[in-house]
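The values are calculated or read from the model by the stated rules, or taken from the named source; none is laboratory data. Bear in mind that the values here come from a model prediction, so they are computed numbers and not experimental data. So basically every Cβ, Gly included, is an ideal-geometry build from the backbone, and we count neighbours across all protein chains shown.
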Amino acid sequence: MIDKTKTTILIVEDDPIIRKSEAVFLEGKGYTVILAKNGREGLEKFKQGQPDLVLLDLRMPEVDGLKVLDTITSGSPDIPVIIVSGVGTMDDAIKALKLGAWDFLTKPISNMAVLEHAIENVLERLKLIRENKSYQQHLEKEVEKRTIKLQLSEQQLRIALQGIIDVVATTVEVRDPYTAGHQQRVADLSIAIARQLNLSEEQTEGLRLAALIHDLGKVAIPSEILTKPGQLTDIEYQLIKTHAQVGYNILNKNKVDFPWPIKTIIYQHHEHLDGSGYPQGIAGDDILLEARILAVADVVEAMASPRPYRRALGVERALKEIQKYRSIHYDPAVVDACLRLFKENRFTFA
Ligand SMILES: [Fe+2]
């Protein structure tokens with residue numbers, strides 16, 4: 001139900017008798033009424049009085065009703081205007097409805113109940129529209145709140161994931177101090193190559209995380225072998241080669257479900273394009289692009305850095321190596337991107 005005492009109606013009407021009779025009737029029904037005797041005054045009182053509804057005559061001196069209507073509906077489309085106009089103005093009626101009038105009554109109003117009914121109808125419609133609007137605003141706010149919450153928890157998850165990745169990376173490096181920083185530098189070069197090859201942000205992120213822990217399987221290899229200063233025996237070398245499979249097994253066994261193919265990238269990072277790599281001996285496109293990138297970044301960084309059994313061979317030697325095995329072990333597009341990075345973009349390891 002509409003609370004009439006809280007509803008203010010502005011009557012804009014130049015005929016004093018009609019104005020008075022409408023006012024008396026509506027005040028008798030409990031409404032608060034503001035009166036204006038022409039269009040100009042109507043606009044002024046509309047601004048001052050902030051009515052909930054307007055009864056508007058069309059034919060008036062000074063500012064005419066259509067002009068008043070246009071001003072009200074374009075500035076305050078939520079305030080309903082009911083036109084109360086003389087007979088024989090069908091054209092005006094159509095114009096008024098087009099301009100946004102909510103209803104149209106013809107003067108003289110012989111039965112005031114018609115006026116009352118029209119007002120109640122419009123106010124009822126207004127109430128529904130307002131309720132709908134506030135419900136919609138409430139919904140929008142709810143959605144916004146939940147979106148922020150989701151974004152926050154996604155951010156927290158990403159931070160936690162990065163923390164776990166760092167822990168795993170450190171664990172590998174504790175076991176194999178010679179490769180300290182190796183995984184980070186391989187990740188840096190992998191990202192740079194990925195950008196050269198226009199990989200998506202998501203793909204690049206998966207590659208970055210995989211690169212940071214790609215030697216995870218080395219935790220299963222005795223430290224003495226990893227840090228052995230001399231030449232490795234064949235058996236020792238075979239043992240080291242198990243790290244790709246072991247890394248994959250660790251992630252697989254624990255059912256770690258990343259939104260990126262991290263397991264597979266790690267599994268395949270020693271595969272060769274011609275199928276001569278390990279552990280599966282797969283070839284060509286069967287090897288994930290991210291793994292083909294990681295393979296190149298891995299060998300370049302490893303050769304550029306010192307190892308327990310040799311001094312650093314340097315970037316130049318490393319680049320010669322990938323050129324030599326371009327299209328044999330290594331993806332030609334990845335090799336070219338890597339060469340471009342060092343030769344044209346002056347890429348250096350941090
Ligand atoms: Fe490796």
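Taken over the stretch 70-108, the criterion of being more than 48 Å from the chain's Cα centre (by Cα) and in a loop (DSSP other than H, G, I, E, B) is satisfied by G86, V87, G88, T89, K107, P108. Quick one: is V143 surrounded by 10 or more Cβ atoms within 10 Å (Cβ to Cβ), touching a residue at least 24 places away in the same chain (Cβ under 8 Å) and aliphatic (A, V, I, L, M)? No; evaluated as a whole, the condition is false for this residue. Quick one: is E316 farther than 29 Å from G230 by Cα and either in the same structural domain as L209 (by TED's automatic domain parsing) or not hydroxyl-bearing (S, T, Y) (or both)? It is false that E316 is farther than 29 Å from G230 by Cα and either in the same structural domain as L209 (by TED's automatic domain parsing) or not hydroxyl-bearing (S, T, Y) (or both).
Screening Q196 on (1) farther than 25 Å from V335 by Cβ; (2) polar (S, T, N, Q); (3) more than 15 Å from the ligand (Cβ to nearest atom) shows it passes everything except condition (1).
When E321, E236, E224, E301 are screened for being under 20 Å from A187 (Cα atoms) and surrounded by fewer than 22 Cβ atoms within 10 Å (Cβ to Cβ), only E321 passes. Residue pairs whose Cβ atoms lie under 9 Å apart, separated by 6 or more positions or on different chains, with the first residue in the stretch 203-226 and under 17 Å from R307 (Cβ atoms) and assigned by TED's automatic domain parsing to the domain that holds Q268 and the second more than 11 Å from the ligand (Cβ to nearest atom) and assigned to a loop (DSSP other than H, G, I, E, B), are I225/L232; L226/P308.
Which residues, counting only those in the stretch 276-290, are more than 13 Å from A333 (Cα to Cα) and surrounded by 14 or more Cβ atoms within 10 Å (Cβ to Cβ)? Within the stretch 276-290, G277, Y278, P279, Q280, I282, A283, I287, L288 meet the criteria. Residues in the stretch 123-178 that are within 24 Å of the chain's Cα centre (by Cα) and among the acidic types (D, E): E140, E142, E144, E154.
Which residues, counting only those in the stretch 199-233, are out of contact with any helix residue (DSSP H, G or I) (no Cβ under 9 Å at 6 or more places or on another chain) and within 16 Å of the ligand (Cβ to nearest atom)? Correct list: empty. For the condition out of contact with any strand residue (DSSP E or B) (no Cβ under 9 Å at 6 or more places or on another chain), in contact (Cβ under 8 Å) with a residue 12 or more places away in the chain, under 24 Å from T227 (Cα atoms) and more than 16 Å from the ligand (Cβ to nearest atom), D166 qualifies. No other residue among V122, V114 is β-branched (V, I, T) and farther than 17 Å from T7 by Cα apart from V114.
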